[in-house]
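Participant: Have a look at this one.
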Amino acid sequence: MTAAARAAADGDMPLRVILGPCDDMRAEVFVRAALPTTSLRTVRLEGELTGPECRRSITLPAGASLNDLGAGETGLLAKAVLTEPAFWTPELPNLYRLTARLVAGGQAVATTTRRVGLRRSGVRGRSLWLEGRRWVPRGIACDPDSHDLAVMRDASVAAVVADPPEALLAAADESGVAIIAVAESENGRPLDADALVERIGRWAMHPSVMLAMLPRAFTEAELVAVAANARRLKGTMLLAGEVTAASPPPREIPAGIDCMCLALDDSGLPHDAWRDAAPAVPLIAWRRGGDAEHASRSRCDRLQATLAAWGLADGRARQPWDWSGYLVS
């Protein structure tokens, strides 16, 4: 058995699932197995995607085989093509079952099964979009150890979670709760760029993670590097940078950052210069510093009303632009 096969047989076959080009009729799904480079040429990655499965609807099952694309710099790569794919949304959290096999000498030496979803999201102008519709998240901060996804789902809110654990993300995938993942410290120490890229790759495996919030402490150069290195891992998951709303807008948005989050203190308003802000990316307002235990959808709605009044405070008949989301904690 090769070194790669032995590692996988011992359970060490980390997978990355990335949604490639897609439309209503066809979706390309790439699966990467990060394995030791020794003897990779003698091992193949095979398997299938079957589904979709969803608690809220019944759909005729379909399947697609994984076609091995050979070994690359970061391991084995395979691709499946789904026709008429069922994408994941909070309303219809469709999931597929992925079975991946490592084959050596004509025999499967390791098999891994997990559930995956196809998230089709992006940015259009200053708005976030999900599955062909504008998506305006109302997000409330929650403790990863004390949360109620059923309540969040019924209130149509996103969960804002610092470094969400795997179990929470898997539950959100199944129940249909959008997650905004906030990158914070690791065991009390600041994250470095490499650790953050790895974390982004793990989050992107979950269709519920719509947005990853990058640390405010990172410099522009660090944000650019993280966005560049995460590009091949994050699929359609969006990256957000964070700035202080009390300061004027930055002159430039770091390359690779999809949207900006403006952090407001408990009673503060954005700097007046934000009314004519130049950045042509979606802007999300985040009211921070409140009581996280009492964060609610109604607080998101009050924040929306407050910012609407702020946008018209200088006598304008209409706001110059719309906010793309409202978060509270």
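The values are calculated or read from the model by the stated rules, or taken from the named source; none is laboratory data. This structure is a prediction, so every number in the text was calculated from the model and none was measured. Note that each Cβ is placed from the backbone with ideal geometry, even for glycine, and that neighbours are counted across all protein chains shown.
Participant: Are there any pairs with C-beta distances below 9 angstrom linking a residue in region 107-126 that is in contact (Cβ under 8 Å) with a residue 24 or more places away in the chain to a residue that is of a type in the set (Phe, Trp, Tyr) and outside any strand (DSSP E or B), with the two at least 6 apart or on different chains, and if so which?
Facilitator: Cβ pairs passing all conditions: Gly117/Phe87; Leu118/Phe87; Arg119/Phe87; Arg120/Phe87; Arg126/Trp321; Arg126/Trp323.
Participant: Please go through region 81-103 and give me each residue that is among the small types (Gly, Ala, Ser) and more than 21 Å from the chain's Cα centre (by Cα), ordered by number. Quick ask: steps written out before the conclusion?
Facilitator: From region 81-103, those among the small types (Gly, Ala, Ser) are 86, 100; that's our starting set.
Passing the criteria: only Ala100.
Participant: Might you let me know whether region 135-150 holds any residue that is over 23 Å from Arg202 (Cα atoms) and not in a strand (DSSP E or B)?
Facilitator: Checked region 135-150: at least one residue is over 23 Å from Arg202 (Cα atoms) and not in a strand (DSSP E or B).
Participant: Please indicate, with yes or no, whether at least one residue in region 124-140 is polar (S, T, N, Q) and within 20 Å of the chain's Cα centre (by Cα).
Facilitator: Here is the first cut: in region 124-140, the ones polar (S, T, N, Q) are 127.
Among the residues that remain, those that are also within 20 Å of the chain's Cα centre (by Cα) are: 127.
Looking through region 124-140, at least one residue is polar (S, T, N, Q) and within 20 Å of the chain's Cα centre (by Cα).
Participant: Considering every residue within region 94-113, establish whether at least one is within 30 Å of Cys261 (Cα to Cα), assigned by TED's automatic domain parsing to the domain that holds Pro14 and modelled with pLDDT of 95 or more. Working first, answer last.
Facilitator: First pass over region 94-113, keeping only residues within 30 Å of Cys261 (Cα to Cα): 94-95.
Filter once more, so that each one left must be assigned by TED's automatic domain parsing to the domain that holds Pro14: 94-95.
Of the ones still in play, those that are also modelled with pLDDT of 95 or more are 94-95.
Looking for residues that are within 30 Å of Cys261 (Cα to Cα), assigned by TED's automatic domain parsing to the domain that holds Pro14 and modelled with pLDDT of 95 or more, one finds at least one in region 94-113, hence yes.
Participant: While we're here: Within region 64-121, work out how many residues are part of a strand (DSSP E or B) and on the phi < 0 side of the Ramachandran plot. First the steps, then the outcome.
Facilitator: Applying the first criterion (part of a strand (DSSP E or B)) to region 64-121 yields 64-72, 75-83, 88, 93, 95-104, 107-116, 121.
Still in the running and on the phi < 0 side of the Ramachandran plot: 64-69, 71-72, 76-83, 88, 93, 95-104, 107-116, 121.
Count: 39.
Participant: Would you be able to tell me the number of residues in region 138-168 that are touching a residue at least 24 places away in the same chain (Cβ under 8 Å), more than 18 Å from Arg287 (Cα to Cα) and out of contact with any Gly (no Cβ under 8 Å at 6 or more places or on another chain)? Quick ask: steps written out before the conclusion?
Facilitator: Within region 138-168, the first condition is being touching a residue at least 24 places away in the same chain (Cβ under 8 Å), and the residues that meet it are 138-144, 149-150, 152-153, 155-158, 160, 163-164, 166, 168.
Those left that are additionally more than 18 Å from Arg287 (Cα to Cα): 144, 149-150, 152-153, 155-156, 163-164, 166, 168.
Filter once more, keeping what is out of contact with any Gly (no Cβ under 8 Å at 6 or more places or on another chain): 144, 149-150, 152, 155-156, 163-164, 166, 168.
Residues flagged as touching a residue at least 24 places away in the same chain (Cβ under 8 Å), more than 18 Å from Arg287 (Cα to Cα) and out of contact with any Gly (no Cβ under 8 Å at 6 or more places or on another chain) within region 138-168 amount to 10.
Participant: I'd like to check something: does region 140-153 contain any residue that is assigned by TED's automatic domain parsing to the domain that holds Pro21 and surrounded by 20 or more Cβ atoms within 10 Å (Cβ to Cβ)? Can you show your working first?
Facilitator: Going residue by residue through region 140-153, those that are assigned by TED's automatic domain parsing to the domain that holds Pro21 are none.
The answer is no, given that none of the residues of region 140-153 is assigned by TED's automatic domain parsing to the domain that holds Pro21 and surrounded by 20 or more Cβ atoms within 10 Å (Cβ to Cβ).
Participant: Additional query: Would you mention how many residues in region 25-55 are modelled with pLDDT under 90, within 22 Å of the chain's Cα centre (by Cα) and not in a strand (DSSP E or B)?
Facilitator: Residues meeting the conditions: 2.
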